[in-house]
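Colleague: Okay, handing you the structure first.
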Amino acid sequence: MSGPARATQHASSKAAVLDVIRAAGTISRVGLINATGFTGATISTVVRRLIDEGLVVETGRAESTGGKRRVLLQLNHASRYAVGVHLDHAGITYVLTNLGGAVVARISRAGAGAAEPATVVDRMSAEVTALIEGVGVERERVLGVGLVSPGPLSPTTGMGLTPPAMRKWEDYPLAQALERATGLPVVLDNDATAAALGEHWSGGIGGTALSAALYMGTGIGAGLVINGITYRGASGNAGEIGHTCVDANGPDCWCGARGCVEVLAGPAAVVAAARADTALSRAAGLTGRSRSVSADFAAVSRAARRGDPSALAILERSARYIAAAARSLANVMDLEVLVLTGPSFAIAGSVYLPIVREELERAFFSRAAHPVDVRLSRHAATASAIGAAALVLQSELVPLTEGLKLPENLSAAEPAPLPVPGA
């Protein structure tokens, strides 16, 4: 075997073993042999290397089954950390997670707004530093930064097609700029895909074979998780459900198409409809200049919770469009679980959840074979940032090989839940 091939094999074995230890919480070397199918010699070598690198520690012994009690292994959660950054026009969310994916710090700051990209990147770099130093983590323990933003994205040029509020970011080399500013490796991805990964890592999706996160921030998207792996498509932009057509004669969308879910039902459409209603606009405090789409959407949602019938009607209309798109996604992918996540669902999920759930119960094509479990995320506001950090952790934890044989009581697609934000 050549040197590069041997190095790839070693990296694959290391990642596979780490991921099984993460999923199990604690596991013995014999358990690792059963879970991975690797030989005892391979497990011994890999585990010794992981202990030497400080990634894994021995932690007591399992109960005796008649022979010598087996030594248990677990991740050394404090050995490595990852930063997740969710960049959006309305706000920037930062999380710092440990090696197991648990959030140890989070901050939210002002969004990109109308500032120049270079100015925002400098600010993001300073805020990443403040996040790390704020909890006393040594910088050399930080593996890198996961950076996610609205798509579509290119690994080299960043946002190739941008929503109107972020036109200045079009073709800006986002990942490279933040990497230079922070001195840390940067991984770039779509915020909806990252939200799906965040739900997977935090236990929101669980051990299902085929799941999706339906994301609504200032826009609408979806992330797909197949057998524990996020599906990205040819360019990393799979799941753009916000730009599927639900009205062929509908209004023009910024993406170049007509009648998209986002232009008909996204937060901007909700706010526009609310502002067009004089009484509702006054009741919701929307008179005058818009603060931001997200702030105005939150105001409409608060009005609906107070019982304003006009506000509730506008949100329910939006929910019906989104439910139709969710049904199409469920039909195409034959989904088992659909999680509603993202900042806008964090605010108004109580309105959207029953409508999406009812639509799939009524009209999902394969409903006679199985239902779609529709859930509202426990941490919808930060799922994308958690997923961004998980992108970095994947470089250490996610197996590069496929087909792991797991024991019946262990599922690599079902990590232990992370703390609920705000708890």
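The values are calculated or read from the model by the stated rules, or taken from the named source; none is laboratory data. This is a predicted model, so every value here is computed, not measured. Methodologically, a virtual Cβ is constructed for each residue, glycine included, from the backbone with ideal geometry; neighbour enumeration extends over all protein chains shown. Remember, those area values only see protein heavy atoms, side chains included, never the ligands or the DNA or RNA. Shrake-Rupley method; radii C 1.70, N 1.55, O 1.52, S 1.80 Å.
Colleague: Taking the full set of protein chains and a 1.4 angstrom probe, give the accessible area of Glu58 in square angstrom, rounded to the nearest 10.
Modeller: 110
Colleague: So, one more: What is the local net charge at Asn331, summed over the other residues whose Cβ is closer than 14 Å to its Cβ (Lys, Arg +1; Asp, Glu -1)?
Modeller: -1
Colleague: Let me ask something additional. Relative to the longest principal Cα axis of the chain, at what angle does helix 3-24 sit, 0 to 90 degrees, rounded to 10?
Modeller: 70
Colleague: Another question, then. Could you state the angle between the C-alpha long axis of helix 117-134 and the longest principal axis of the C-alpha atoms of the chain, as a value from 0 to 90 degrees rounded to the nearest 10?
Modeller: Around 50 degrees separate the two axes.
Colleague: Cα axis of helix 343-363 to longest principal axis of the chain: angle in degrees, 0 to 90, nearest 10?
Modeller: So the inclination is approximately 90 degrees.
Colleague: First measure r as the distance between the Cβ atoms of Arg291 and Lys68, then evaluate 1/(1 + (r/R0)^6) with R0 = 60 Å and state the FRET efficiency to the nearest 0.05.
Modeller: In this case the efficiency is close to 0.35.
Colleague: A follow-up question, please. What range in the chain is the longest one free of trypsin sites (Lys or Arg not before Pro) that are in a loop by DSSP and have at most 14 other Cβ atoms within 10 angstrom?
Modeller: Value returned for the longest uninterrupted segment is 70-288.
Colleague: Counting only helical runs of four or more DSSP H residues, what would the 222 nm mean residue ellipticity of the chain come to if each run contributes -39,500 (n - 2.57) and the total is spread over all its residues?
Modeller: One gets -13500 deg cm²/dmol as the mean residue ellipticity at 222 nm.
Colleague: How much accessible area per residue does the chain have, in Å², with a 1.4 Å probe?
Modeller: So the chain comes to 42 Å² accessible per residue, rounded to a whole number.
Colleague: Could you compute how much accessible surface Ser13 exposes when probed at 1.4 Å, giving the result in Å² to the nearest 10?
Modeller: Around 10 Å² of this residue is reachable by solvent.
Colleague: Separate question: Suppose accessible area is computed on protein heavy atoms with a 1.4 Å probe; arrange Tyr215, Tyr231 from highest to lowest.
Modeller: Descending accessible area places them as Tyr231, Tyr215.
Colleague: Further question: Taking the Cα atoms of the chain, report the difference between the largest and smallest coordinate on each principal axis, in whole Å and largest first.
Modeller: So the three principal-axis extents are 76, 54, 41 Å.
Colleague: Okay, moving on. Just the number, please: carbon plus sulfur as a percent of the accessible area of the chain, 1.4 Å probe, no ligands or DNA/RNA counted.
Modeller: Solvent-exposed carbon and sulfur of the chain make up 53 percent of the total.
Colleague: Rounded to the nearest 5, what is the percent of antiparallel bridges among the DSSP beta bridges in the chain?
Modeller: Restricted to the chain, the bridges split so that about 65 percent are antiparallel.
Colleague: Specify whether the C-alpha gyration tensor of the range 305-392 places it in the rounded, prolate or oblate class, a ≥ b ≥ c being the square roots of the eigenvalues: rounded for a/c under 1.5, otherwise prolate if a/b is larger than b/c and oblate if not.
Modeller: oblate
Colleague: Whole-Hz ³J(HN,Hα) for each residue in the range 284-295, computed from phi via Karplus 6.51 cos²θ - 1.76 cosθ + 1.60 with θ = phi - 60°, x for glycine and proline: what do you get?
Modeller: Residue by residue, the range 284-295 yields 8, x, 9, 5, x, 6, 5, 6, 5, 4, 5, 5 Hz.
Colleague: May I pose another question? Give the accessible area for Thr93 in Å² (nearest 10); use a 1.4 Å probe, count only protein heavy atoms, and leave out ligands, DNA and RNA.
Modeller: 20
Colleague: Return, ordered by residue number, the residues of the range 319-337 whose backbone nitrogen is under 19 Å from a label point located 7 Å along Cα→Cβ of Leu210.
Modeller: Counting backbone N atoms under 19 Å from the label point, the list is 324-337.
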